[in-house]
1. Would you mind counting up the charge near residue 171? Only other residues with Cβ under 10 Å from its Cβ, with Lys and Arg at +1 and Asp and Glu at -1.
2. May I ask you to compute the full-extension gain from residue 381 to residue 471, defined as 0.36 nm times their residue separation minus their alpha-carbon distance, rounded to one decimal in nm?
3. Order these by the 10 Å Cβ neighbour count, fewest first: 57, 474.
4. Can you put 456, 142 in order of Cβ neighbours within 10 angstrom, beginning with the fewest?
5. Arranged from highest to lowest average of other beta-carbon atoms within 10 Å per residue, in what order do the peptides 267-275, 388-396 appear?
6. Taking 10 °C and 1.306 mPa s as the conditions, I'd like the Stokes-Einstein D for the stretch 343-427 in µm²/s, using the Kirkwood hydrodynamic radius from alpha carbon pairs.
7. Let me check the size of the stretch 232-370 from its C-alpha atoms; what are the radius of gyration and Dmax in Å?
8. For the stretch 433-476, what's the radius of gyration and Dmax over Cα atoms, in angstrom?
Amino acid sequence: MTQPDDSAAPTSGASAANGPLGQSPLKHISGDLLESLIDNPFESLILVDADGIVRFMNNSYEKVYARSLENAIGRHIREVAPESLLPEVLETGKVIVGRSRILEDKSQIVVRIPLRKDGKLTGALGKVIYAPPEALQELARKITALEQHLEIFKAEFTHAYSSRYTFDHIIGETAPLRQAKELARQSARTNAAVLILGESGSGKELFAHAIHSSSRRQDHPFVSVNCTTIPNELIESELFGYEAGAFTGSLQKGKKGKFELANKGTIHLDEIGDMPYLTQSKLLRVLQEGEIEKVGGTTPQRVDFRLICTTNRPLEQMVKKGTFRLDLYYRINVIAIPVPALRDIREDIPLMVHHFIRKLQGGEARRVASVSEQALSLLKQYAWPGNVRELKNVIERAIVLCRGDCIDVGDLPTALLQQGAGQDLAADPVPLLKEVVHSAEQQAIVKALQKTGNNKSAAAKMLGIHRTALYQKMVRYGIPT
Ligand SMILES: Nc1ncnc2c1ncn2[C@@H]1O[C@H](COP(=O)(O)OP(=O)(O)O)[C@@H](O)[C@H]1O
Ligand SMILES: [Mg+2]
């Protein structure tokens, strides 16, 4: 990913180095023109010398900061604008571009430029540029979106680099699951690319972890990348990294890509079916050459990784449709491991249910110990579109709802109960969402009033609503006020 904007930053630094402020180009400009050039309402300027003393400030800067010109000139920038980044520019000699930390109005961009003469730092220029609001809104929207993605990645980074599961964590004894486990165990002994296929929630990721933890790479990183959650424009820099200053907003030092982080370990490309076509070509090259090339980089770098891909998409069909590269499909599909859907391994459900009952309650504090025959039979009949993930959620919920020590039919979600009723499903009307909400609200209000001894202010506070709103709702639901 290369963005043209950033090329402007070093250039402006360079032209500043040539001294546009002091030399020949200015002699063609009249005093008036020069003044309006410097004092135009679209830019705010502040100039400090190498010691950080303010030497110049234009009128619009004064307006923006509501600080007086006279008071500022000759004083240190820290005194005039304590939050200014100009001292940092003087210290590092580097350009800083970005939003102002103090200006509320987002319709501006701030550039801080070091000024040099004959290679020596002579000062720094701070410049606030105002652009049309629409253009900046768009820019601000993009920045916000990028910032959000950044947060997601940070969280992923901290979690991602170790494998937490082994084959012992994969519960199930039915033939399809045993075969999948056996195939996965064998593949763990090799370095071959593995493609794990299966519906969402069926345990693909668990298998990927287990393969890594029993491979000879187990002491090295397990790096998981979800191809769906990374925006297209960022995926390459995420996978392959980027060199310093490769594009606007890039880190000064550059950044390692996931492949590099996975060196000596395993890289897991989750939802590979969602990888953009162009990135597929780049990935193919990496797999063929065993080398990665960073965005903005020139020298390829060797990396040693083992590849595990997972997907719930029909890759073969995608190849036929031309949305997934055939050559890449061959490369990633050396060993294919199909993970069965839960509805195809129903006999494993009791084992899994008991496993989750144990696992989802902290050891000593275990309260729920078992599940009734009837409930188990419903659990075995259900279609499980969300597979083991859904089963796990259902058990987690049942543990919360269960009043005794045995999960019963009443602790299961309605979807399972209706399913048990078989043909009754069609006849059973779905309640209006409005009704469900009303009934839940009514219950919560009654509970809060009971708890607070009918103290309406306290009850409203407990419910997180205003007292007036509580009153209105009480009237609406016929609760005595
Ligand atoms: N065979 C299994 N035994 C125990 N837990 C499982 C099994 N299969 C899946 N799970 C659990 O179900 C959830 C979903 O599994 P995951 O591997 O994320 O599915 P997928 O990647 O196929 O969407 C996880 O919490 C996982 O630990
Ligand atoms: Mg997954």
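Values in this text are rule-based calculations from the coordinates and carry no lab data. Remember, it's a predicted structure, so these values are computed and weren't measured experimentally. Note that we place each Cβ from the backbone using ideal geometry, even for glycine, and neighbour counts take in every protein chain shown.
1. Result for the neighbourhood of residue 171: -2.
2. Length difference between fully extended and current span is 27.9 nm.
3. 474, 57
4. 142, 456
5. Descending mean neighbour count gives 267-275, 388-396.
6. It diffuses with D of about 122 µm²/s by this estimate.
7. Every Cα atom of the stretch 232-370 included, Rg and Dmax give 20.3, 61 Å.
8. 9.9, 30
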